[in-house]
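Asker: Dropping a structure here in structure tokens format, bear with me for questions.
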Amino acid sequence: MSETLKHGSMINATPVPVMVAGCAIIITRCLSVLMLANELGYDELANFVHRSAQAWDSTLIFIASQLIFLFELRCAFTLMRGNNRGRWGYVATQIIVLIYMLMASVGWIYPEIFSIPGESNAQIIHHTLLQKLPDVLVLALLFVPASSRAFFRHR
């Protein structure tokens, strides 16, 4: 270990906040899929996919959600390697998802596959923002600590 520190090869190591953020993205996304599959069961999961394939708008939203899922995983791996595009790609996906969730929850977009129920628009917005709180914390890990900012600036 002392040889590593003497020769300076630890300088390019990924900072802890970036590693935690990348791992958090991967773990939360994979666990959410597993928990959804466990909650629905095989029959309901197949029924969900079947219902999503009934109309073009449902199919497009379902495919877009899968592409965003895969893109978020890709962003997590690229940001852990120090690529700034992974960080900004994750920001872009969160903005897109938040806008869609708000519009679907308020009733401006149909079908409302990924909507948040509520009685008033203020309550819907509050619940949607609470749903996105873990993602905001991950973004804070990527942008707030000085070590994270320096890591992406030097790359």
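Asker: Which value in deg cm²/dmol, rounded to the nearest 500, describes the helix-derived mean residue ellipticity at 222 nm for the chain, given -39,500 (n - 2.57) per DSSP H run of n ≥ 4 and division by the residue count?
Answerer: Helices in the chain give a 222 nm mean residue ellipticity of -26500 deg cm²/dmol.
Asker: Still on this structure: Taking the Cβ-Cβ separation of Val91 and Gln123 as r and a Förster radius of 22 Å, what is the calculated FRET efficiency to the nearest 0.05?
Answerer: Working from the Cβ atoms, E equals 0.25.
Asker: Sort 35-47, 68-80 for me by packing, meaning the mean count of neighbouring Cβ atoms within 10 Å per residue, highest on top.
Answerer: 68-80, 35-47
Asker: Provide the descending list of Cα extents for the range 71-155 along its principal axes, expressed in whole angstroms.
Answerer: 47, 22, 14
Asker: Angle, helix 84-106 long axis vs. longest principal axis of the chain, Cα atoms, 0 to 90°, nearest 10?
Answerer: 20
Asker: Could I ask something else about it? Please provide three numbers in whole Å: the alpha-carbon extents of the chain along the principal axes, with the largest listed first.
Answerer: 62, 35, 24
Asker: Continuing with the same structure: Treat each spin label as a single point 7 Å out from the Cα along the C-beta direction, and report the Ala140 to Phe71 distance in nm.
Answerer: Each label point is offset 7 Å from its Cα along the Cβ direction, giving 2.6 nm.
Asker: Here is a further query. How big is the range 27-66 by the Kirkwood estimate over distinct Cα pairs, in Å?
Answerer: In the range 27-66 this quantity evaluates to 10.8 Å.
Asker: Now for a different question. Connecting C-alpha atoms closer than 10 Å in a GNM of the chain, tell me which of Ser52, Ser32, Ser65 has the biggest fluctuation.
Answerer: Ser32
Asker: Can you list, bin by bin at 5 Å, the percent of alpha carbon pairs in the range 40-94, starting at 0?
Answerer: 5, 19, 18, 16, 13, 11, 11, 6, 1
Asker: Under the 0.36 nm per residue contour assumption, what length would be gained going from the current alpha-carbon distance of Leu98 and Ser32 to full extension?
Answerer: Stretched fully, the Leu98-Ser32 segment lengthens by 22.1 nm.
Asker: Got a number for the accessible area of Arg87? Probe 1.4 Å, square angstrom, nearest 10.
Answerer: Its heavy atoms expose roughly 20 Å² to the probe.
The values are calculated or read from the model by the stated rules, or taken from the named source; none is laboratory data. These numbers come from a predicted model, not from an experiment. Note that each Cβ is placed from the backbone with ideal geometry, even for glycine, and that neighbours are counted across all protein chains shown. Just so you know, the surface numbers come from the protein's heavy atoms only, side chains and all, with ligands and any DNA or RNA stripped out. Shrake-Rupley method; radii C 1.70, N 1.55, O 1.52, S 1.80 Å.
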